[in-house]
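Coordinate-derived values only; no laboratory data. Keep in mind that what you see is a predicted model, and the values were worked out from it rather than measured. Glycine also receives a Cβ, built like all others from the backbone with ideal geometry; neighbour counts cover every protein chain displayed.
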Amino acid sequence: MRMKKKMTPEMVGLSVGEKNFIKGGIAQDLRNDGRKRLTYRPIYVETGVIPQANGSARVKLGETDVIASVKAELGKPRVSHPDQGKVYIYVECSPTAEPSFERRGGDELSTELSIALERSLLGGKSGAGAGINPASLLIKEGKVCWDLYVDCLVISSDGNLLDALGAAIKAALSNTGIPRVQVREAASSDEQADVDVSDEEFLQFDTSGVPVIVTLTKVGRHYIVDATSEEESLMSSAVSISVNRHGMICGLTKRGGAGLDPSVILDMISVAKHVSEQLLNKLDSEIEAAERANEEEP
Amino acid sequence: MEYVNPEGLRLDGRRPMEMRQLRAEIGVVSRADGSASFEMGNTKVIAAVYGPREVQNRSQQMNDQALVRCEYSMANFSTGDRRRKTKGDRRSTEISLVIRQTMEACILTNLMPRSQIDIYVQVLQADGGTRSACINAATLALADAGIPMRDLVTSCSAGYLNSTPLLDLNYLEDSAGGADVTVGILPKLDKVTLLQMDAKLPMDIFENVMQLAVEGCKAVDSYIREILLENTKTLEIHRGV
């Protein structure tokens, strides 16, 4: 069984003095780049970056740079859930971000991120409480549905990959157009149902229920939001909470060694809810601006 | 299928000797020692260079020169149909090898013994000519990393369809079944460092097509030099020169 590779301070190359400086700064609410503990780095969103996909977006959070693309393909609903479509989330870490990601080196982190995203965005096994409603992907019960493949690529990493990926997926879904489908009644209604996929008409995906992910990283006695990789290397534990527009928690992941007192976790959740409001507003306005910029382009 | 219509226009409206639009940017991955993105029409790639740094695998260390390594990977969403295997398949392995050999030939490896230079190329969108775009991006990334090179390496492809030599094939033209000649040159030294072709061509036509590809490489070279010059001016301003 392989040991989980942690982002150790040695890998990021921090001296004892630097470590103390970062920890001290966080304790005094003044981080290395001048931010307060609960401030996000500037978010930059660009949509429609992958023209051949149904929807796509590129999000830069400081130096963290990720791309998310959404592809819709026709498929068959699962036998256990004939009234739902399927959503798959897959993350890949490019070696351009980190030399250790070459060949299979990035697999562990990719899997961890994919599963954390699925947990935050796709709800329970029955599909209940999902940020992306699988019932909206149904075309014909038991026969035809949309399979949504959400593929993400991490190009550059400076910490807080999960939040950036969550934001990128939300932006990509806002940019996604699902073709309108006409179901032709088949003569023998056994397995195949013929569908006419429109080339012209597209339905915009409804993203009002899609949550954002807020990761709180505990360094020393305080938590910070949107940690850089330097700050992440000093963390004792991290909790990622996905919150939607209505202030409801859609998923929770705790990562990292040190144990947390339950009251601390409850406090982190309320902090995350508070921060997520600002993040949601900022993200929505950035997505709108990006979509407008797309339309203005000839 | 008509790849060059009677008026002499190709499927995307270009003339036979016209390249696609080039766009390059330096420094897209700040964590890397050098990085660049390169676009040729709809083909978009990012290259990142890490090095010279300590050799990770001691058994591969060379005492008189640097070790150059390369990995080519394609994003899931880079091709029209969603791609299942992004790296490790035969095509990716071959292209990694090709890029490594091409760049190794032009890097002054003997100036950096016992070290390792890693070149990672990530394809974001593939629309024909990915090999060439990767080499061009790698050249820019190596220059951004300040790694000493004999010359820039630039690459371009050309083909032959409907009895016409065509410069810089896109995916549709590449899949048409005609010849696809990829050339990589060292422009200042005027030497060919990479030459690959598939399908078959008569000898005299091959010469024309290859010459066309070399002209394309030279056009890429002048564009790359422009980009590098602009980048240097920006660096000068930041240094307060």
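Direction-averaged shadow area of the convex hull around the Cα atoms of region A:232-298, nm²? Please list the in-between numbers first.
Numbers: hull surface 25.5 nm².
Taking the Cα atoms of region A:232-298, their convex hull projects to 6.4 nm² on average.
Which whole-Hz ³J(HN,Hα) couplings does region B:75-88 yield from phi under the Karplus relation 6.51 cos²θ - 1.76 cosθ + 1.60, θ = phi - 60°, glycine and proline marked x?
Each residue's phi maps through the Karplus curve to give 5, 3, 9, 6, 9, x, 8, 4, 8, 7, 9, 8, 8, x Hz.
Determine the dipole magnitude for chain A: charges of +1 sit on the beta-carbon of Lys and Arg, -1 on that of Asp and Glu, nothing else is charged, the reference point is the Cα centre, and the result goes in debye to the nearest 20.
Details: 34 positive and 44 negative charges, 292 e Å.
Using Cβ point charges on Lys, Arg, Asp and Glu, chain A gives about 1400 debye.
Looking at A:Q52, A:S174, A:S156, which one has the Cα that reaches farthest to the positive end of the dipole of chain A (charges on Cβ: Lys, Arg +1; Asp, Glu -1)?
Of the options given, the answer is A:S156.
What's the angle, to the nearest 10 degrees (0 to 90), between helix A:107-121's Cα axis and the longest principal axis of chain A?
For A:107-121 against chain A, the angle is about 70 degrees.
Picking from A:I22, A:I249, A:I269, which is most flexible by a Gaussian network model of chain A using Cα springs under 10 Å?
A:I22
Of the lysine pairs in region B:22-239, how many meet both conditions: Cα atoms under 20 Å apart, and a spacing of 8 or more in sequence or different chains? The partial results should precede the final answer.
Numbers: B:K44/B:K85; B:K44/B:K87; B:K44/B:K218; B:K188/B:K218; B:K191/B:K218.
Count of close lysine pairs: 5.
For region B:70-88, list residues with backbone N below 11 Å from a point placed 7 Å from the Cα of B:Q56 toward its Cβ?
Within reach of a label on B:Q56: B:70-71.
For the pair B:R225/B:M203, report the inter-label distance in nm, with labels modelled 7 Å from Cα in the Cβ direction.
The answer from the label model is 3.4 nm.
Quick check: convex hull over the Cα atoms of region A:147-188, volume per residue in Å³, rounded to an integer?
93
Using 7 Å Cα-to-Cβ label points, what is the B:M17/A:S136 separation (nm, one decimal)?
With each label placed 7 Å out from Cα toward Cβ, I get 5.3 nm.
On a 0 to 90 degree scale, rounded to 10, what angle separates helix B:203-239 from the longest Cα axis of chain B?
For B:203-239 against chain B, the angle is about 40 degrees.
Which far-off residues, 5 or more places away or on another chain, put their amide H under 5 Å from the one on A:L203, with H placed in the peptide plane?
For A:L203, the qualifying residues are A:I178, A:R180.
Chain B: Rg/Rh from Cα coordinates, Kirkwood Rh?
0.99
Quick one: among B:L212, B:L124, B:L229, which has the greatest mean-square fluctuation in a GNM of chain B with alpha-carbon springs under 10 angstrom?
Sorting by GNM fluctuation, first place goes to B:L229.
If you take the beta carbon distance between A:K23 and A:A289 as r and set R0 to 35 Å, what does 1/(1 + (r/R0)^6) give as a FRET efficiency, to the nearest 0.05?
In this case the efficiency is close to 0.45.
I need to check one value: relative contact order of chain A, counting alpha carbon pairs closer than 8 Å and at least 6 residues apart, in percent.
It rounds to 21 percent for chain A.
As a test, work out the antiparallel percent of DSSP beta bridges whose residues both lie in region B:22-239, rounded to the nearest 5.
Working: 40 of 48 bridges.
Here the antiparallel bridges make up roughly 85 percent for region B:22-239.
For Cα pairs less than 8 Å apart in space and 6+ apart in sequence, what is the mean separation divided by the residue count of chain B, i.e. the relative contact order in percent? The partial results should precede the final answer.
Details: 519 pairs, mean separation 49.5, N = 241.
Taking the mean separation of contacting Cα pairs over the length of chain B, I get 21 percent.
I need the phi-derived Karplus couplings for region A:234-239: 6.51 cos²θ - 1.76 cosθ + 1.60, θ = phi - 60°, integer Hz, Gly and Pro marked x.
9, 6, 9, 6, 9, 10
Provide the three semi-axes, in whole Å and in decreasing order, of the ellipsoid equivalent to chain A as defined by the square roots of 5 times the Cα gyration tensor eigenvalues.
37, 20, 18
Using the count of nearby Cβ atoms within 10 Å as a rough guide to exposure, how do A:R58, A:R221 rank from fewest to most?
A:R221, A:R58
Sort B:R58, A:R103, B:R20 so the one with the fewest other Cβ atoms within 10 Å of its own Cβ comes first.
B:R58, A:R103, B:R20
In whole Å, what are the Cα extents of the protein assembly as shown along the three principal axes, biggest one first?
Result, largest extent first: 78, 74, 48 Å.
Quick one: Karplus J couplings for region B:111-123, per residue in order, coefficients 6.51, -1.76, 1.60, θ = phi - 60°, nearest Hz, x for Gly and Pro?
7, 9, x, 6, 10, 9, 10, 9, 10, 10, 10, 10, 8
Could you tell me the calculated FRET efficiency between A:L74 and B:L172, based on Cβ-Cβ distance and R0 = 35 angstrom, to the nearest 0.05?
For R0 = 35 Å, the calculated efficiency reads 0.90.
How are the Cα pair distances of region A:45-146 distributed, in percent, across 5 Å bins from 0?
Going out from 0 Å in 5 Å bins, region A:45-146 shows 2, 12, 15, 19, 20, 15, 9, 5, 2, 0 percent.
Calculate the spin-label point distance for A:A258 paired with B:T232, positioning each point 7 Å from the Cα along the beta-carbon direction, and give it in nanometres.
5.0
What do you get for the angle between helix A:161-174 and the principal long axis of chain A? Use alpha-carbon atoms, 0 to 90 degrees, nearest ten.
Helix A:161-174 sits at roughly 30 degrees to that axis.
What is the set of long-range amide H partners of A:G123 at a cut-off below 5 Å, with H atoms built 1.01 Å from backbone N?
Distant-sequence amide H within range of A:G123: A:G131.
In debye to the nearest 20, how big a dipole does region B:66-157 give about its Cα centre with +1 on each Lys and Arg Cβ and -1 on each Asp and Glu Cβ?
In debye, rounded to 20, region B:66-157 gives about 360.
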